[in-house]
Amino acid sequence: MTETADLFMLAGTAGTVFGILLPVLGILSITGEWQHRTALTTFTLEPRRARVLVAKCVSVLVAAVLACLLAVLVAVPTTAVVASVGGRGGDMGGLEAHVLVGWIATTVLLTAEGLALGLLLLNAPAAIVIYLVSPMVGSFAAQLGAGGKAVAQWLDLNSTSDVLMSDDVTAGGLARLAASVAFWIAVPAAVGTLRVLKRDVT
């Protein structure tokens, strides 16, 4: 069997660093002003705090999309070079449209999780630790019997987001994704936004 240089595998490898750094970037973009006590200056220049938050969140999420596209652009010539140098076939069709869109959506969701944790906690170290540890907690919970497995299946965003890249999208898979998005993104972001809008700036 001939081994091939797979485009999706190389794109995923190129985007691994982005997948780690982008959520951290989101956390730091939200918490930086509160950690360094520059929020007073920012909200004096722009008293509409919601506008500041929207600008930060949109810029980070757009950066996530662009990073994924950059990873694909890097992977295309890399696939050809690896295939040529290694004498292997190059699977340039290894990145189907629905897989690409699902992969980008997953990266955006994970970045949004970082933003939500930053909004909720307004503390960069705590938010980063929770973001990095939560997948390990989910994997551990899945080993704790039926109850732990059910919790992981419904609340582990890293696993529930797999449905976005699947050929077989089911209602159950989308329901589990929605539950994990609500738990890790929607609720923390809503609570955190209210906290930022109402918090006294000193």
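Once the chain from VAL54 to HIS98 is taken as fully extended at 0.36 nm per residue, the excess over their C-alpha distance is 13.0 nm. A 1.4 Å probe over all protein chains sorts SER166, SER134 by accessible area into SER166, SER134, starting with the largest.
Working ranking of peptides 57-66, 108-117 by packing, defined as the average number of other Cβ atoms within 10 Å per residue, highest first, is 108-117, 57-66. Once neighbouring chains are kept in place and the probe is 1.4 Å, which whole percent of the accessible area of the range 89-202 is contributed by carbon and sulfur? Answer for the range 89-202 is 69 percent, counting heavy atoms of protein chains only. Label separation (ALA126 vs ASP167): 4.6 nm, computed from points 7 Å beyond Cα along the C-beta direction.
Remark: accessible surface ordering of LYS198, LYS149, LYS56 (largest first) is LYS198, LYS149, LYS56, probe radius 1.4 Å. You can think of it this way: the chain between THR41 and VAL201 has 56.7 nm of extra reach, that is 0.36 nm per residue less the Cα-Cα gap.
The values are calculated or read from the model by the stated rules, or taken from the named source; none is laboratory data. The structure presented is a predicted model; accordingly, all values stated were derived computationally and were not measured. Here the Cβ is made from the backbone with ideal geometry for all residues, glycine too, and neighbour counts use every protein chain on show. Ligands, DNA and RNA are excluded from the accessible area calculation, which covers all protein heavy atoms including side chains. Shrake-Rupley method; radii C 1.70, N 1.55, O 1.52, S 1.80 Å.
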